[in-house]
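Below you'll find the structure, written out as structure tokens, and then a few comments.
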Amino acid sequence: MPLAKKLISAAAILLATTTFSWADELNIFLSPSPSSTAIQSFIPAFEKATGHKVNVTEVPYGEMHQKLMLTVQLKQGQYDVAQFDNSFLTPFGAAGTMMPLDDKIAASTEYDISDFGKGQQDYGKYKGQTLGLTLSTEPFIQWYRTDIYDALGLKPATTWDEFKANAKAVKESGKGDGMIFGYGPNVSWWWMTMVWSFGGKLYDENYNPTVNTPEAVAGTQFLKDMLAYAPEGALSASSDDATIKFLSTDIGAMVQYSGYWGMLNDPANQKHAGKIGTAPMPKGSVDVTHLAGWNIGIPSDAKNPDVAWQFLEFVLGKSNAKNYLNAGAAAIGRKSIITDPELIAKYPYLPVLDIPEGTRVERYPQIRVWPEFEKAAVDALAGIMNGSVEVKAGLDALQETEKPILAQENAQ
């Protein structure tokens, strides 16, 4: 059945079971991304089924969050649906930017919150209230070259020690570089992952920094040590650079967000098509899942919140879940999606999105001063990774730098 007919069929089911107030127009705020493209592909079917006109505003990532917060503060009622990065959940929650959705979720059989695991159900919550639905499920996962691993008799690592051993084996075999992380402007992604995985935290419950504990030092040292198995240029590689290098050159493994799977669709990155395997991220002393991804919700000043919810149900509800993924979006980790054999055959990374019960789920730190905290960390890590500063000394200095930054969190 063509996609448009499937969407209209799903809309008919939804409309037959949903009560809503009619309005002429719905204004949607998005950021250019695969998720935005997928959302917009649903608009013609939604308009045809409901009679509502949908208008879309796309704003670049660097400007979108400030713009959305400002328009809501001015109570302009400019947008009814808005996409946002989960790292902005806390600032939005503190400012009252987004409307709580829990009542709507609880009443919606179409959205079916039970189709998500606990970690995903809580992903869009701020102080116990759900401010955003999951728009993409993007945990850090392990990517590896099946052909290289098979030739060397290697298996995906379950621990960081195994990951290091695999990287060493690949490097010494001459079949390629051992692994790659992004050590450049996005190094904080891998650094905080290692700190968490080695048993540390970035700050305590009173917002005192803890970036120079023995656990943080061990995680940072491991991150630096892995440079010995990385390709030339890794020290300055961004997240995109690291992924492109892995997909287009010979590298044994990578740890990266699952949402980057879409880059395989770029013909320029097709060199190893069919030879990329995925597995859960290796474990350290703590079983941690580093979870990221987009959220989407209803601004608190929306003029048409009921129609906005109807649109969110239509696009992100269970009936259209497969269509949303097949429209090019990063996957949403619904149980019904990540266990679907047909979809797994097409998107083999889906099972890795199953976050086991009991694992510690870490998101981007939910603090309002995160941009300042992260910048200080990236600046300090540059010297640590290039060897101009010893690991412990660099983290001791970072500890002092972060103290006044986190003090602002306590003062707010």
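The values are calculated or read from the model by the stated rules, or taken from the named source; none is laboratory data. These numbers were taken from a predicted model, which means no experiment stands behind them. As a convention, Cβ positions derive from the backbone with ideal geometry for all residues, glycine included, and neighbour counts pool all protein chains shown. Surface areas here come from the heavy atoms of the whole protein model, side chains and all, with no ligands, DNA or RNA. Shrake-Rupley method; radii C 1.70, N 1.55, O 1.52, S 1.80 Å.
How big, in percent, is the set of alpha carbon pairs in the range 231-378 lying more than 19 Å apart?
66
Express the accessible area of the chain per residue in Å², computed with a 1.4 Å probe while the remaining protein chains stay in the model.
I get 41 Å² per residue for the chain.
Using only the Cα atoms of the range 113-177, build the gyration tensor, take square roots of its eigenvalues as a ≥ b ≥ c, and label the shape rounded, prolate or oblate: rounded if a/c is under 1.5, else prolate if a/b is larger than b/c, else oblate.
prolate
With +1 assigned to the C-beta of every Lys and Arg and -1 to the C-beta of every Asp and Glu, and no other charges, what is the dipole magnitude of the chain about the Cα centre in debye, to the nearest 20?
Result for the chain is approximately 680 debye, rounded to the nearest 20.
Under a Cβ-Cβ cut-off of 12 Å, what is the net charge of the residues other than Trp143 that fall near it, where Lys and Arg count +1 and Asp and Glu count -1?
Once all neighbours under 12 Å are counted, the net charge is +3.
Given charges of +1 on the Cβ of Lys and Arg and -1 on the Cβ of Asp and Glu, with all other atoms neutral, how large is the dipole of the range 341-396 about its Cα centre, in debye to the nearest 20?
80
Using just the helices of the chain, give the 222 nm mean residue ellipticity in deg cm²/dmol: DSSP H runs with n ≥ 4 each add -39,500 (n - 2.57), and the total is spread over all residues, rounded to 500.
-12500 deg cm²/dmol
When we measure straight from the Cα of Lys245, which aspartates and glutamates land under 17 angstrom away, once same-chain ones fewer than 8 places off are left out?
Correct list for Lys245: Asp147, Asp177, Glu232, Asp266.
Return a whole-number percent for the relative contact order of the chain, with Cα pairs under 8 Å and 6 or more residues apart as the contact set.
With pairs under 8 Å counted, the relative contact order is 25 percent.
For the range 79-135, which whole percent of the accessible surface, found with a 1.4 angstrom probe, sits on carbon and sulfur atoms?
Carbon and sulfur: 50 percent of the exposed surface of the range 79-135.
State which entries of Lys48/Lys303; Lys67/Lys125; Lys224/Lys403; Lys201/Lys346; Lys164/Lys392; Lys201/Lys224 exceed 27 angstrom in Cα-Cα distance in the structure shown.
Beyond 27 Å: Lys201/Lys346.
Excluding His52 itself, what net charge comes from residues whose Cβ is under 12 Å from its Cβ, given Lys and Arg +1 and Asp and Glu -1?
Surrounding charge for His52 is -3.
Please state the shape class of the range 61-110: rounded when a/c is under 1.5, otherwise prolate if a/b exceeds b/c and oblate if not, all from the C-alpha gyration tensor.
Prolate shape, in that a/c is at least 1.5 and a/b is the bigger ratio.
Give a quick list of GluC sites (Glu not before Pro) in the range 126-207 that DSSP marks as loop, anything other than H, G, I, E or B, with at most 12 other Cβ atoms within 10 Å.
Of the GluC sites (Glu not before Pro), the ones in loops of the range 126-207 whose Cβ has at most 12 other Cβ atoms within 10 Å are Glu205.
Past the 15 angstrom mark, what percentage of all C-alpha to C-alpha distances in the range 154-247 do you count?
Across the range 154-247, Cα pairs with separations above 15 Å total 63 percent.
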